[in-house]
Amino acid sequence: MPRIFSGSILIEPTALSLSKHIDLLKFLRGFINEIGVLHRPGAIDTRVSGNILTIALSPYTEIVDSRNIKELEGLLEYVRREIGRVYIAERDTWLDFTNIRVDDLLDLLNMVKNRGSGCIGSTCYVIEDASMECRRIMVVDERLVYLAGLYGHIFTDFKAEPPGSSIFNYMYCETSSGPHPLISGTRDAGVVSLSVKVPQGLDDLIQWALLGLVYLQ
């Protein structure tokens, strides 16, 4: 469990639409090489209106370690103005998070935005528009279980077993004609290939699902 240092900036994921997320990472690239992503719910002490309060953090909260940032005030001003939902750690704490390369995350999000294809590390993607209309989104991989809470149980839910026999079906769409995979994959010689279908209006959900599969293990 790595350490979050006092003064670090924490950004709520629900404040990050795909376009805002991309803009944030482009800005942060001038300050940092890596950004943390929270695995599980946690809490930090932060100062609100002069008082120190304990604030609950949702999974996928992003963490900017401010120890080596010389222009912290400029960075913080931008994040507060453009994103809004941010906290500053008042004290050191220990939470479950993973540091990832800003450039890798930016490449992944641009693939979602542009419906592109490419490889990052040992994972390759083909991202396309989905032709079906979803009644409900089901996630079937435990790494994605927190997506249901992040986006609401009315539309997103978790099932322990995927439909059919494929263990590489991570998320699917329930339609009138049955379940259709939205994120499915194969593994060959250590390389994971993901086929991703993005339903209309669900870019924000897909961005966090892909981040969860690749980095939050």
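The values are calculated or read from the model by the stated rules, or taken from the named source; none is laboratory data. Worth saying up front: this structure is predicted, and the values here are computed from it rather than measured. Methodologically, a virtual Cβ is constructed for each residue, glycine included, from the backbone with ideal geometry; neighbour enumeration extends over all protein chains shown. Just so you know, the surface numbers come from the protein's heavy atoms only, side chains and all, with ligands and any DNA or RNA stripped out. Shrake-Rupley method; radii C 1.70, N 1.55, O 1.52, S 1.80 Å.
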note = So for the chain, using the alpha carbon gyration tensor with a ≥ b ≥ c as root eigenvalues (a/c under 1.5 gives rounded; past that, a/b versus b/c decides prolate or oblate), I'd call it prolate
message = Show me, for segment 18-28, the HN-Hα J-couplings you get by feeding each phi into the Karplus relation (A = 6.51, B = -1.76, C = 1.60, θ = phi - 60°), rounded to Hz, glycine and proline as x.
response = 4, 5, 5, 4, 4, 4, 4, 5, 4, 5, 5
ask   = Taking +1 at the Cβ of each Lys and Arg and -1 at the Cβ of each Asp and Glu, which of 2, 193, 147 sits farthest along the dipole of the chain towards its positive end, judged by Cα position relative to the Cα centre?
value = 2
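Assign unit charges at the C-beta atoms only (+1 for Lys and Arg, -1 for Asp and Glu), then state the dipole size of the chain relative to its Cα centre in Debye, rounded to the nearest 20.
Once rounded to the nearest 20, the dipole reads 140 debye.
Counting Lys and Arg as +1 and Asp and Glu as -1, what is the net charge of the other residues whose Cβ lies under 10 Å from the Cβ of residue 100? Write out the running numbers ahead of the final one.
Working: positive: 101; negative: 34, 62, 103, 104.
Combined, the nearby Lys, Arg, Asp and Glu give -3.
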query = Can you work out the FRET efficiency for the pair residue 132 and residue 55, with r the C-beta to C-beta distance and R0 = 25 Å, to the nearest 0.05?
reply = 0.05
request  = Pull out the extension gain between residue 200 and residue 107, defined as 0.36 nm times the separation in residues minus the alpha carbon to alpha carbon distance; nm, one decimal.
outcome  = 31.4 nm
ask   = Among rounded, prolate and oblate, which fits segment 23-65 when a ≥ b ≥ c are the square roots of the eigenvalues of its C-alpha gyration tensor, a/c under 1.5 means rounded, and a/b larger than b/c means prolate?
value = oblate
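Once you charge only the Cβ atoms, +1 for Lys and Arg and -1 for Asp and Glu, what is the size of the charge dipole of segment 3-102 about its Cα centre, to the nearest 20 debye? Walk me through the intermediate numbers first.
Values: 13 positive and 13 negative charges, 23 e Å.
Computed about the Cα centre, the dipole is about 120 debye.
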request  = For the chain, find the longest principal axis of its Cα atoms and tell me its angle to the long axis of helix 72-82, 0 to 90°, nearest 10.
outcome  = 50
task = Return the calculated 222 nm mean residue ellipticity for the chain, to the nearest 500 deg cm²/dmol, obtained by summing -39500 (n - 2.57) across DSSP H runs with n ≥ 4 and dividing by the residue count.
result = -7500 deg cm²/dmol
inquiry  = At 1.4 Å probe size, what's the solvent-accessible area of residue 34? Round to the nearest 10 Å².
reply    = 100
task = Please give the FRET efficiency for residue 82 paired with residue 47, using the beta carbon to beta carbon distance and R0 = 30 Å, rounded to the nearest 0.05.
result = 0.90
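Checking the a/c ratio against 1.5 first, then a/b against b/c, what shape does the Cα gyration tensor give for segment 1-92? Intermediate values should be presented prior to the final figure.
Working: a/c = 1.37, a/b = 1.24, b/c = 1.11.
In terms of gyration-tensor shape, rounded.
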task = Quote the FRET efficiency, to the nearest 0.05, computed for residue 96 versus residue 189 with a Förster distance R0 of 25 Å and r equal to the Cβ-Cβ distance.
result = 0.25
